[in-house]
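Trainee: I'd like to ask you about the structure that follows.
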Amino acid sequence: MARSLDIILFVLCLAILTPTLNANKLENNEYWTEQRPEFDSYWQERAKVAKQENKAAYFKDPYAISGNFTASISEIIAVKEKGRNLGGLKDDGTCLATNPIDRCWRCDPNWANNRQKLADCVQGFGRNTRGGQGGPIYVVTDPSDDDMMNPKPGTLRYAVTRNGSLWITFARSMAITLQQELIMSGDKTIDGRGVDVYISNGAGITIQFVKNVIIHGIKIYDIQVRDGGMIRDSEAHYGFRTKSDGDGISIFGASNVWIDHVSMRNCTDGLIDAIMGSTAITISNSHFTDHNEVMLFGASNDYSEDKIMQITLAFNHFGKRLVQRMPRARFGFVHCVNNDYTHWEMYAIGGSQNPTIISEGNRFIGPYNKMLGNDLINSKEITKREYTEESEWKTWQWRSINDEYINGAFFVQSGPELKDRPFSQKDMIKAKPGSFVGRLTRYSGNLRCRVGEPC
């Protein structure tokens, strides 16, 4: 009888986590078999061009890039830590931006008249991303999404499929339910500052075989799988798409992508996935909650071209009701710097296929032990090398520098100690220690910016 109760309890736990406890579709060979017919001659040509652009965006010395980033953080004098606050102002109206990306733009009361300055503020591996900078501002006035092939002017789908650079803003607060995946063309910025923009209860955003995309200041949640069909991806082209995978943001064979100050939760698949040779990506100042498999970087053990992948995670808050993959990486180089890991159920950082993971100045708060039936669940280990024996992963470069561990959390390092490069060199000044993270991430997620005031 007791054993039966244990089984019932386990089934109930799985039910509570549905639908987010599904395996990531991108790791399923059947999914890729279904996708192959979708890559007609148009997409094959796009893939060739994107591959060359991704190689051009790749940094041959990734340690130097991560070092330059951490040097800029060390110059910031963070204010005293209080509770998380989205206002961004002291009582006297002065700006409280607490990290170098935010300090680049948030203290300017005229930010709304100089929106494109934001593109000068990105750091990390995505530091050359400019989005729609230099192009006209396009104002979204219509939250509808009714026509996939001939989107209505004024809609978000119309804006992201235009040719050339475009800086996309919103006339007012709005909730947008995407009927099918939103396939972006390159050289675009989605800028939600000053209003509340919700992408929810429909499909997510796809950044495929393009470069130069910024997504800033929006909320993305409850993203669902949609059936596919004929969908426009540029002014000159539309084509058939199979089912979307349910990602909040899918980065597919793309480069120079910056995701900043987004709030995300509860997507059918991943919150943010980057695969198929995507590189030069920064994900910063964002807030993630209520999800199982949070971020997947590299979908296949067989796709070695993901060795080009370079991603910076900085100043993000990995919050309540998260389970795993913050991120999970195959191949590539991931720099996790000054993020706040306050919740996970299984592990925080995982990977396979020998990715380089540099964890620097993060704060890790281990989960409390839990009983599942008669079993004690202890998930205080931050790291997980998946489907790999220690004899193999012990050579992988997974290093923890100045991280802070709370409530029993611990990081299992591997690979040779970083003595000569990168972190003892003059160009590799260390980031703020993990004890500063609460201050550096204080304003993570979507901001409440008001026109005429510092944000």
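Trainee: Which pairs in the list 51/117; 243/307; 48/219; 307/384; 55/211 are over 23 Å apart, alpha-carbon to alpha-carbon?
Mentor: As for pairs spanning more than 23 Å Cα to Cα, those are 51/117; 243/307; 48/219.
Trainee: Please sort 141-147, 122-128 by packing, taking for each peptide the average over its residues of neighbouring beta carbons within 10 angstrom, highest first. Walk me through the numbers on the way to the answer.
Mentor: Values: 141-147: 15.4, 122-128: 23.3.
With the highest mean Cβ count within 10 Å placed first, the list reads 122-128, 141-147.
Trainee: For residue 150 and residue 414, FRET efficiency with R0 = 45 Å and r from the beta-carbon atoms, rounded to 0.05? Please list the in-between numbers first.
Mentor: Values: r = 53 Å, r/R0 = 1.18.
Calculated value: 0.30.
Trainee: How would you rank 321-333, 439-451, highest first, on the average number of other Cβ atoms within 10 Å across their residues? Could the numbers behind the result be given before it?
Mentor: Numbers: 321-333: 24.1, 439-451: 21.8.
So the order, starting with the most tightly packed, is 321-333, 439-451.
Trainee: Multiply the residue gap between residue 369 and residue 137 by 0.36 nm, knock off their C-alpha separation, and tell me the result in nm, one decimal place. Show your work: numbers first, answer last.
Mentor: Details: separation 232, 0.36 × 232 = 83.52 nm, distance 5.07 nm.
Difference between extended and current length: 78.4 nm.
Trainee: Calculate the FRET efficiency for residue 196 and residue 120 from the Cβ-Cβ distance with a Förster distance of 30 Å, rounded to the nearest 0.05. Before the final figure, lay out the partial values.
Mentor: Numbers: r = 25 Å, r/R0 = 0.84.
Taking R0 as 30 Å, the efficiency between residue 196 and residue 120 is 0.75.
Trainee: Once the Cβ-Cβ distance between residue 390 and residue 301 is put in as r, and R0 is 25 Å, what FRET efficiency do you end up with, to the nearest 0.05? Before the final figure, lay out the partial values.
Mentor: Working: r = 18 Å, r/R0 = 0.72.
Computed FRET efficiency for residue 390 and residue 301 comes out at 0.90.
Trainee: Continuing with the same structure: Using a 10 Å cut-off on Cβ atoms, rank the peptides 289-297, 400-408 from the highest mean neighbour count down.
Mentor: Numbers: 289-297: 24.7, 400-408: 17.4.
With the highest mean Cβ count within 10 Å placed first, the list reads 289-297, 400-408.
Trainee: If you don't mind, there's one more thing I want to ask. For residue 110 and residue 172, calculate 0.36 nm times their separation in residues minus their Cα-Cα distance, and state this gained length in nm to one decimal. Provide the component values of the computation, followed by the final result.
Mentor: On the way: separation 62, 0.36 × 62 = 22.32 nm, distance 1.84 nm.
Using 0.36 nm per residue and subtracting the Cα-Cα distance, I get 20.5 nm.
Trainee: Return the percentage of antiparallel bridges among DSSP beta bridges fully within region 319-422, rounded to the nearest 5 %. Don't skip to the end; give the middle numbers.
Mentor: Details: 4 of 25 bridges.
That works out to approximately 15 percent antiparallel.
Coordinate-derived values only; no laboratory data. Only a predicted model underlies this, so the values are computations on that prediction, with no experimental measurement involved. Using ideal geometry, Cβ is built from the backbone for each residue, glycine included, and neighbour counts are taken over all protein chains shown.
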